[in-house]
Structures are given as C-alpha cells and as structure tokens.
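Computed from the coordinates by the stated procedures, all read-outs in this text should not be read as laboratory data. Since this is a predicted model, take the numbers as computed values, not measurements. Cβ placement follows ideal geometry from the backbone for every residue including glycine, while neighbour counts extend to all protein chains displayed.
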Amino acid sequence: MSKAVLITGCSSGIGRATAELLLRKGYIVYATARKPETINDLKNKGAVTMHLDVTDLSSVIKAINRIEADGVQLFGLVNNAGYGQMGPIEETTEEMAFNQINTNVLGLASVTRHALPLIRKHAEGFVVNVSSIAGKVSMPLSGWYCASKFAVEALSDALRLEVGQFGIKVITIEPGPIRTMFGETAYSSADHVPDSSVYKSMIIRLTGWSKNTLSDRVAGKPHDVANIIYKAIQKRNPRARYRVTLIARFLHILRKYASDRLMDFMFRKQMGIKKYSKNGSTF
C-alpha cells in the first residue's frame with residue numbers, strides 16, 4: 001500500500017511547502033485547508049485536496065473517513081494549521097483568546113485523536129506538530145499565541161510517550177520567524193486595539209521592530225521548515241524537537257541559560273520597552 005500523509009493548513013506557507021515536497025518524494029498527500037479553493041493548484045500537482053476546519057469536529061471526521069474509504073495507509077499527520085493572535089492580554093477579549101486556543105491546541109488535538117487509529121493500524125508512522133520557538137520563549141504582545149504553543153509542546157511530550165509503543169514517532173517543529181502570510185495576519189490581528197489604548201505606542205514599536213528586523217534579516221523560508229520535516233520523518237529515531245532558523249536556536253539556548261530578569265532586560269532593550277518609573281509607565 002502507498003503511504004499517505006495528511007497535512008492541515010496547506011493554503012500557504014509551511015503547510016503548502018511541506019505538501020509540495022512530500023509529493024515530490026512520492027507520498028500520497030492529503031492537503032487540506034479551511035478554504036479548499038486556495039489549494040486547487042496542489043490538486044493539479046497530484047495532491048488529494050479536501051476541506052478541513054480543525055475547529056469543526058464534523059469536518060475532521062469527514063476528512064478521516066475519506067482517507068479510510070480510499071483504502072490507503074495513513075502513514076503520517078502534519079499538524080500545521082494555526083494562526084497568531086497578537087495584542088496585549090488586557091485588551092484581548094475572551095472570544096479572541098478562545099479562538100486562538102481552539103484552533104492551535106484543541107483543533108490540533110482533535111485531528112490527532114481521529115487520525116491515530118488509522119496510523120496505528122500499520123505499527124509505524126509519525127505525527128508532526130508544527131509549534132514555534134514561541135512555545136519556549138514568551139514574548140510581549142503575543143501572550144495568547146505563546147500560550148497556545150506552550151500547550152502544543154506539552155501535548156507533544158505526552159503523546160510521544162503514549163504512542164511510541166505502537167511505533168509512532170512524535171516530532172515537534174519549532175520555527176523561528178518564517179517569511180509567510182502568517183506574520184501579516186498576526187500583525188493585523190492587533191488592529192482591534194484602539195488608538196486610545198495605553199499599549200498603542202508599544203504595539204506600533206514592536207510590530208515595526210518585528211517586520212523590519214526579524215522578517216528582513218533573519219527570517220527563514222517555508223521550504224526550510226518543509227526540508228526539516230522531511231528529514232525528521234525519514235529517521236528511525238528522530239529527535240523530539242527540531243528548531244528552524246538561527247534565531248530559534250539562539251532563543252532556545254538563551255532561554256535555557258538566562259535568568260528571567262536577563263530575558264526581560266533583553267526584550268526591553270531590543271524592542272524599546274521602558275521600565276516603570278515614578279513618573280508613570282511609558283513605552
């Protein structure tokens with residue numbers, strides 16, 4: 001039987017690059033997206049394209065049933081679907097926070113839960129969870145996004161121990177900044193913060209710093225992540241985590257050895273965040 005891989009979030013960026021690479025490597029690729037019209041070109045390249053909204057249980061079940069009905073061996077799952085909700089925690093509504101966790105964490109878990117019985121049938125396979133270095137290093141104005149990725153890290157660790165006995169590998173990918181539409185979507189998600197907000201000048205400064213410094217100087221490309229995913233799933237005993245981009249590796253080492261006080265100092269220094277003074281808190 002040919003080996004099939006299910007990939008979520010293929011409309012652009014990492015998901016699309018991974019789908020294209022695995023197609024070239026001979027896998028049967030089930031490429032999915034909330035808006036299937038955005039992946040029509042992948043169908044022309046040989047992928048099986050499907051609608052899949054990870055937050056909609058009926059959509060998840062329908063996709064898994066389609067794969068089972070096709071009679072292919074579901075060899076792997078790449079959980080890539082997700083987005084970044086930016087903005088200060090104080091001014092992020094409960095609905096915004098729920099949507100972030102629902103997509104990045106609960107949606108990932110839902111697809112995994114329903115895909116695992118098919119993968120387990122063949123006593124081999126993998127689950128790749130696309131996390132972020134933000135799952136290790138929390139940054140200002142991205143608290144809920146970081147929280148969702150911290151949760152993905154925890155789920156991945158537990159899952160790795162649970163399903164390893166069935167020959168299923170669980171691999172966590174921790175990209176740093178990547179040149180995709182993800183960043184633009186994340187930045188625009190902070191537009192809900194009103195001009196009267198005490199955080200507004202901080203948002204302007206930080207988003208400008210992120211766009212100009214990270215994107216232009218050290219950001220990786222989607223195919224960089226896709227290549228790491230492909231290399232990882234080929235290994236008999238892959239590492240639990242793979243960090244992509246220099247800044248991801250640097251932040252991991254920094255977080256491992258630096259104190260909280262030093263981390264705070266560095267973020268303030270790099271992003272122009274001023275400390276509280278008796279004259280009031282200014283950014």
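The residue list 193, 18, 106 was ranked by how far each Cα lies along the charge dipole of the chain toward its positive end, using unit charges on Cβ atoms, and 18 comes out on top.
FRET efficiency for the pair residue 239 and residue 89, taken as 1/(1 + (r/R0)^6) with r the Cβ-Cβ distance and R0 = 25 Å, rounds to 0.15. When +1 charges are put on Lys and Arg Cβ atoms and -1 charges on Asp and Glu Cβ atoms, the dipole computed for the chain relative to its Cα centre reaches about 1200 debye. The spacing between segment 59-95 and segment 230-277, judged by their C-alpha centroids, is 25 Å. For segment 89-189, the spread of Cα positions along the three principal axes, ordered from largest to smallest, is 46, 26, 22 Å. Mean sequence separation of contacting Cα pairs (under 8 Å, at least six apart), scaled by the length of segment 1-152, corresponds to a relative contact order of 23 percent. Relative contact order for the chain: 18 percent, from Cα pairs under 8 Å spaced at least 6 residues apart, divided by residue count.
Counting other Cβ atoms within 10 Å as a rough exposure proxy, the listed residues 93, 18 run 93, 18 from fewest neighbours to most.
Over all directions, the average projected area of the alpha-carbon convex hull for the chain comes to how many nm²?
Values: hull surface 61.6 nm².
Seen from a random direction, the Cα hull of the chain projects 15.4 nm² on average.
Set the bar at 24 Å for Cα to Cα. Now go through 25/45; 200/256; 25/169 and name every pair that lies beyond it. Exceeds cut-off: 200/256.
What range in the chain is the longest one free of trypsin sites (Lys or Arg not before Pro) that are in a loop by DSSP and have at most 16 other Cβ atoms within 10 angstrom? Longest gap between qualifying sites, sites excluded: 46-120.
Roughly how many debye, to the nearest 20, is the charge dipole of segment 10-110 about its Cα centre, given +1 on each Lys and Arg Cβ, -1 on each Asp and Glu Cβ, and no other charges?
Working: 9 positive and 11 negative charges, 138 e Å.
That gives a dipole near 660 debye.
Extending 7 Å from Cα along the Cβ direction at residue 40 and again at residue 250 yields two label points whose distance is 4.3 nm.
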